[in-house]
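Since the structure comes first, as C-alpha cells, the remarks are kept for the end.
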Amino acid sequence: MKTLIVCASRYGSTLTIGRWIADRLPWGTVDVYPVDRAPGPEGYELIFLGGGVYDEGVSKEIISYARKNVDSLKNKRIVLFAVCLDTKGVYVPEGKFYGGWHYLNSLLELMKGFPPVYAGLLSGEINPKKLTETDYRLLKVFYGKILKRNITEVPYKTMMSKPEVWEFVEKVLARLEGGF
Ligand SMILES: Cc1cc2nc3c(=O)[nH]c(=O)nc-3n(C[C@H](O)[C@H](O)[C@H](O)COP(=O)(O)O)c2cc1C
C-alpha cells in the first residue's frame with residue numbers, strides 16, 4: 001500500500017517516530033518527509049500526518065498541510081499522530097482537561113466528513129540542548145508557574161519508545177484490515 005508519512009517536527013522527535021513507523025509497516029513503498037518538503041497526497045493510498053505538540057495543540061504546520069491538501073485527503077486512508085510529553089491528559093480543579101486527545105482536535109475538526117482510520121498520541125522528548133532561546137524560556141516558565149517545580153535548568157526528558165510506536169502501528173494495521 002503506497003504510504004506517505006508527513007512529519008511536522010521542530011526538534012526531530014516526530015521525524016524519528018515517523019521513521020520508526022515506516023520501519024514497522026510490512027510493505028516497502030513508504031516515503032517519510034518533513035512537512036516543509038512533503039509532496040501532496042496524490043499518488044499515495046495511505047497518509048500518516050504527524051506533528052509535535054506546542055502550547056496545547058499539534059503543530060500548526062501539519063494543520064496547514066492538511067488544510068492545503070484537504071480535497072485530495074478526502075479520498076485517502078488517513079492516520080494521525082501527535083508527539084508530546086502529556087499523552088494522557090490531566091484534569092484540573094477548575095473543571096477542565098488539558099493534554100491528551102485534545103491535542104488532535106484541530107486536525108480532527110478538519111476531517112469531520114472523512115475521519116481518519118486511526119489516531120494516537122505518542123511520547124516525545126525535551127532535549128534542552130536543542131531548544132531555541134524562546135522555547136527554553138517558555139518551558140522554564142511552564143515548569144515554574146504551571147508545574148510549580150523549582151528548577152534552575154530545563155531538565156532533559158525522553159519518553160520516546162519504540163515499543164509504543166510498534167503497538168501504534170499494529171493498531172493501524174488492524175484497523176486497515178477492518179479490525180479494532
Ligand atoms: C515550547 C514548547 C512547548 C511545548 N508544549 C507542550 C504541550 O503543550 N504539551 C505537551 O504534551 N508537550 C509539549 N511540549 C513537548 C513537545 O511536544 C515534545 O518536545 C515533542 O517531542 C516535540 O516534537 P518535535 O521535536 O518533533 O517537534 C512542548 C515543547 C516545547 C519546546
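The H on the amide N of Ile5, modeled in the peptide plane, is under 5 Å from the matching H of Asp31, Val32, Tyr33, Phe48, each at least 5 residues off or on a different chain. Under 5 Å from the amide H of Phe81 lie the amide H atoms of Leu49, Gly50, Gly51, Gly120, each residue being 5 or more positions distant or on a separate chain, with H modelled from the backbone and absent for Pro and chain starts.
Restrict the search to the stretch 1-85; then list the chymotrypsin sites (Phe, Trp or Tyr not before Pro) that DSSP places in a loop and that have at most 14 other Cβ atoms within 10 Å of their Cβ. Kindly include the intermediate steps, with their values, before the conclusion.
Values: sites: Tyr11, Trp20, Trp27, Tyr44, Phe48, Tyr54, Tyr65, Phe81; in loops: Tyr11, Trp27, Tyr44.
Passing both the DSSP loop test and the Cβ count: Trp27.
Residue separation of Met1 and Phe114 scaled by 0.36 nm, minus their Cα-Cα distance, works out to 38.8 nm of gained length.
Could you pull out the pairs from Lys76/Lys96; Lys60/Lys130; Lys2/Lys96 whose alpha carbons sit more than 31 Å apart here?
Values: Lys76/Lys96 34 Å; Lys60/Lys130 20 Å; Lys2/Lys96 41 Å.
Too far apart for the 31 Å limit: Lys76/Lys96; Lys2/Lys96.
Rounded to the nearest 500, what is the 222 nm mean residue ellipticity of the chain from helices alone, with -39500 (n - 2.57) per DSSP H run of 4+ residues and division by all residues? Don't skip to the end; give the middle numbers.
Working: 6 runs with 55 residues, N = 180.
That calculation yields -8500 deg cm²/dmol at 222 nm.
Restricting the count to DSSP beta bridges whose residues both fall in the chain, what percent are antiparallel, rounded to a multiple of 5? Intermediate results must be reported in sequence, preceding the final value.
Values: 7 of 31 bridges.
The antiparallel fraction comes to roughly 25 percent.
Applying the Karplus relation 6.51 cos²θ - 1.76 cosθ + 1.60 with θ = phi - 60° to the stretch 164-180 yields 3J(HN,Hα) values of 4, 5, 5, 4, 4, 5, 4, 5, 4, 4, 4, 4, 5, 8, x, x, 10 Hz, where x marks Gly and Pro. For the chain, what relative contact order do you get, as a whole percent, if you take Cα pairs closer than 8 Å and at least 6 residues apart? That works out to 20 percent.
Rounded, prolate or oblate: which one fits the chain, using the alpha carbon gyration tensor with axes a ≥ b ≥ c (rounded when a/c is under 1.5, else prolate when a/b beats b/c, else oblate)? Prolate. Rounded to the nearest 0.05, what FRET efficiency do Trp166 and Tyr136 have when you use their Cβ-Cβ distance and R0 = 41 Å? My answer for the efficiency is 0.80. Under a model in which nothing but the beta-carbon of Lys, Arg (+1) and Asp, Glu (-1) is charged, the stretch 1-98 shows a dipole of about 180 debye around its Cα centre.
No value in this document is a laboratory result; all are computed from the given coordinates. Only a predicted model underlies this, so the values are computations on that prediction, with no experimental measurement involved. Glycine gets a Cβ as well: all are built from the backbone with ideal geometry, and neighbour counts include every protein chain shown.
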